[in-house]
1. In the protein assembly as shown, what percentage of the DSSP-assigned beta bridges are antiparallel, given to the nearest 5?
2. Among C:Asp76, B:Asp57, what is the fewest-to-most ranking by other Cβ atoms within 10 Å?
3. What are the semi-axes of the equivalent ellipsoid of segment A:89-159, taken as the square roots of 5 times the eigenvalues of the Cα gyration tensor, listed largest first and rounded to whole Å?
4. With no solvent and one equal point scatterer placed on each C-alpha of chain C, evaluate the Debye formula and give log10 I(q)/I(0) for q = 0.08, 0.15 Å⁻¹, two decimals.
5. Rg over Rh of segment C:243-326, using C-alpha atoms and the Kirkwood radius, what does it come to?
6. Could you give the size of the charge dipole of segment A:47-177 about its Cα centre, using +1 on the Cβ of each K and R and -1 on the Cβ of each D and E, expressed in debye and rounded to the nearest 20?
7. Per q in 0.14, 0.15, 0.16 1/Å, what log10 I(q)/I(0) does a Debye calculation on the alpha-carbon atoms of segment B:55-187 return?
8. Lys/Arg Cβ at +1, Asp/Glu Cβ at -1, dipole of chain C taken about the Cα centre: which of C:Met163, C:Leu324, C:Leu69 is farthest positive-ward?
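Every number in this text was worked out from the coordinates using simple rules, so none of it is lab data. Computed from a prediction, not measured in an experiment: that's the story for all the values here. As a convention, Cβ positions derive from the backbone with ideal geometry for all residues, glycine included, and neighbour counts pool all protein chains shown.
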Amino acid sequence: MDGAGIIKGMIETARNFAGSYHDEARLTTVQYPEEKLAPVENARTIPFLVYDGAEALPGLRCTACMICEKECPPQCIYIVKDTVKKPDFVGKMQMQPKVFDIDISVCMSCGICVEVCPFDAIKMDQVFELSTGDRFGGLLLNKTQLAKPNDYFNKLHKTEAAEIDLRRVEEKQKAEAAAAAKAAAPAKPPMAPPPAP
Amino acid sequence: METLEQLKTRIVAAAPGAQVEIIPNGSPANQPSLLLDRDHARAVAQFLRDDSALAFDYASNATGVDWPEKIIKEKIKVKKTVDGVEKEVEEMCERKTPAYLEAVYHLYSMRLKHGPLIVRLRTENRTDRVSLPSLTPVWRSCEFQEREIFDLYGIVFEGHPDLRRILMWPEFTDFPMRKDYVEADDYEYEPTPHDDILAKAKKHFPAGAPV
Amino acid sequence: MATASPTELAASAPPSQIMEVAMGPQHPSTHGVFRMDVSLDGETVVKLKPVFGYLHRNHEKIAEKCSYLGSIPYTDRLDYICSLTNNWAYAMTVEKLAGLVPPERAEYIRVILSELTRLINHSALAGFLLQDMGALGTPLMYAFREREKILDLFESLTGARMMCNYMRFGGCRCDLPPGWIEQVRRLVSDFPKFLDEFEALLTGNEILQARTEGVGVLPAPLAVNAGVTGPMLRASGVNYDIRKVDQYGVYGRFQFRVPLGERGDVFDRYMIRILEMRESLKILEQALRDIPGGPIMDPKAKLRNLRPKAGEAYGRIEGPKGELGFYLISDGGPNPYRYRVRPPSLINLTVLEDMCLGQTIADVVVILGSIDIVLGEVDR
């Protein structure tokens, strides 16, 4: 019959229309911003710097090794090393960044900076409501704006943060054990004077 | 598919006068290529397409490569007379590699499902003698790709039905993919947030640091 | 409608009657910033010249400045609808250049993601083709409802819905999170229901048939000579699917058929894509059944500072749009010496003029929609 195809199509449309009133699968609209979808663990938008402890700048894990700046494809990270060193979580003195700026209008959320960082200092954040009225400078985030506590990192990426915390606890215990062994070693006897020529 | 040596003998037999050279490939990919001379390239291409054992009816990729002149310093043993005695002395010699533009074609066969066969054509130099025969009359898929090579490298293809710029606008001069391309700085410029930000970030840098 | 040569058509109409229309870069149906200079005699197309370059970002020159790793996010943005297949083609070429071999689990993951990408591309295409024909969003939204489920899967694995940046040289970036395989299995078992619904909505529809049958015929010899690949080539009856010819990755282990068309018109191209979606589901079932455990990266692979030996390599895959190839020349340094993308959408556009001559201007939009172009790939 001519027109049978169109009528069959209309039946499908009617089924979708009627179904959207009672079937979850047929009504997929999320009424943003009143409703928001739950964030996914792996999602990535812009980077942030992790710090341990209560204070941002002394607890910052970053040691200004410049690897993320070098590997960033659009070159949106600007780092300047500081001359003053600070101790890291094991107690060893490390460099720190004086300036750590990320231009998030250039950042393309690739996550390569996170992959190459050897100190777990920079991780991907999940905020996307970043629009600002300030065209010049509003999208250049500096060290203080980028620093977020380790608890925030644990909330966002549970499994990854748990692994990293476990590893850091182990490393700290190993370093403390090594320091204790060194301190407890018996003092060496004074050296005998050299024989007279 | 037969080996490149067998192919070379057959090509020279089919298109007399053609000079074919086998260029090896250093990587583990094991894809050596054939270098053809400019005068017989079209005849060889037609043989490759029409021969029943080869049947390369599909030119998958046509691309340009820029090889600018390189100066290689080598130590060469030279016989020289030193204090009346003939000795072999090592001297530093400079050798210039030739500068040319190259067009590389990757050929496959859809009928016999083999490939790739890689064919190269080189121009004489990078400045004024930059023309190559176009393979578009043989494989129509080269039409847009040769236009792109003309647009971005400057190789003029003789026999191309419609050779004009494809990606850049028609009034553009210069060839962007060449190694010595210098970006023009007189384009329509509007200060963007990134420039202001870049200027601000530069204030943090010590003087003379690379950007 | 007979297709005569442009000169014949142009000669048959007096020059004062020919109207030149620029179906310009801002157009709802040109799939991106793409311009066609169409010369019309009444409503019949007499000449058609495609003009592009509006999205040219010179990706090939950027890649010469980035390292090999740094180019991977840029390959996502070539064919921005199917980012994972672009990543795979590039990773495969660098693996050929550097002599790296990915482990089995990584190859299976790559196949699963690539077939999921084929599903999202073909459903988006079917939706957009119908939208161009005037169905104003209904099939598009049904197709996008399924697409959203697959994009959510990508987000839970790679972190981003579209710009996935997931393949690495020698394997994959991270392993599958727990529960991911079950979610894919559930999707694969639900997808045929959607396809049946979609076909019931569209394939028997008389308007669709009248607008697409006999329109934009591409004869097979022209398709082969013009380098057309992908579903467009198979719709003209040429049996050439790189998954069967090269058997790259682990495709040699899967049983699937290659649908071929008979007439090479727009309806064949639409049906081929629907049938390919069904074959992709078969491949997915087999891959999900057989995926082994194990590492996902080649132990010899380095993340930073990869310096392959001097040489060149050409690697290609059967992307959803056609043959996507990468040609890399290395000179031993950390950056490639020459980096070339062989874009399927650009080469498939070679025959746009031949298919549109003699058709009406309303058909031009439908034919362009059936070629399936993405401007990010055409212009790079």
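1. Numbers: 75 of 85 bridges.
About 90 percent, rounded to the nearest 5.
2. Values: C:Asp76 23, B:Asp57 20.
Going from sparsest to densest Cβ surroundings: B:Asp57, C:Asp76.
3. Values: eigenvalues 109, 53, 30 Å².
The answer is 23, 16, 12 Å, longest axis first.
4. Cα-only, vacuum Debye calculation for chain C: -0.42, -1.36.
5. Details: Rg = 17.4 Å, Rh = 16.2 Å.
Here Rg/Rh amounts to 1.07.
6. Working: 17 positive and 20 negative charges, 65 e Å.
Charge dipole of segment A:47-177: 320 debye, to the nearest 20.
7. With no solvent term, the Cα-only Debye profile gives -0.73, -0.79, -0.86.
8. Ranked along the dipole, the leading option is C:Leu69.
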